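Just below is one structure, and these are the notes that go with it.
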Amino acid sequence: MANAPLNLSPGLFVTVGGAVWSNAPNAGVGNSVVTLSPGGPNPGLTIQGAQTLFHSQPPGRALRYRIWRPQYMLILDIDTPVVGGASQREVTLVDFSSWREVHILTDLAASMSQSFPIVNTSPGTGDAFLIYGLGGGQHRDVAVRRSDNGDVLCALPYPITPVGQTYAEVMGTQVWIHYTVSGGTGLLSQTLKCTI
């Protein structure tokens, strides 16, 4: 099946809203209701709408989610190790057209104190998002993806160790990913440009 056309407005991708990764017990996404139940006999996250999707929460894990514009949703599944241990984070996207989860990235953080994966949405409709993990002092799996099904629009082919911020921008019919790294004689500003 062909993808629906994207409606991307020119400008920088931004973080919208307060708490990027929420653990609120209830929320709405489109015509669906999200319920996070971290305890009890069947812990997990339930999305009830035209169909039902359940993401279980095994022992030793925690769940968060991210909703934007109001029909798009990511789930963050976090390994909660003993104090000081590494933490694996898995991000999936909820594809509401097929009622399934799509794997977006896996990140290994040095500890629970390390920030969760970064998500910035495209200006206007939020039909695309920039995401990357922060494992090991690097930005990993840096990609701009479709918000409806998770398809990659533009991605760096390797992890980077940036100096400063990594960000995305819509310019006409292109998505740009900007970042700066240290070079032999100073800083090198880089831009990956992808036509959409």
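Rule-based calculations on the coordinates, nothing more; no lab input. This structure is a prediction, so every number in the text was calculated from the model and none was measured. Note: ideal-geometry Cβ built from the backbone for every residue, glycine included; neighbour counts use all protein chains shown.
Efficiency by 1/(1 + (r/R0)^6): what FRET value for LEU188 and LEU12, r their Cβ-Cβ distance, R0 = 25 Å, to the nearest 0.05?
After rounding to 0.05, the efficiency reads 0.75.
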When all alpha-carbon pairs of region 84-148 are counted, what percent fall beyond 13 Å?
64
What dipole magnitude, in Debye to the nearest 20, does region 48-196 give about its Cα centre under +1 on Lys/Arg Cβ and -1 on Asp/Glu Cβ?
140
Report the Rg/Rh value for region 102-182, based on alpha-carbon coordinates and the Kirkwood definition of Rh.
0.96
Label-point gap, in nm, between THR195 and HIS103 - each point 7 angstrom along Cα→Cβ:
3.2
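Would you please calculate the Kirkwood hydrodynamic radius of the chain over all C-alpha pairs and express it in Å, rounded to one decimal? The partial results should precede the final answer.
Working: mean 1/r = 0.0569 Å⁻¹.
When all Cα pairs of the chain are included, the Kirkwood radius is 17.6 Å.
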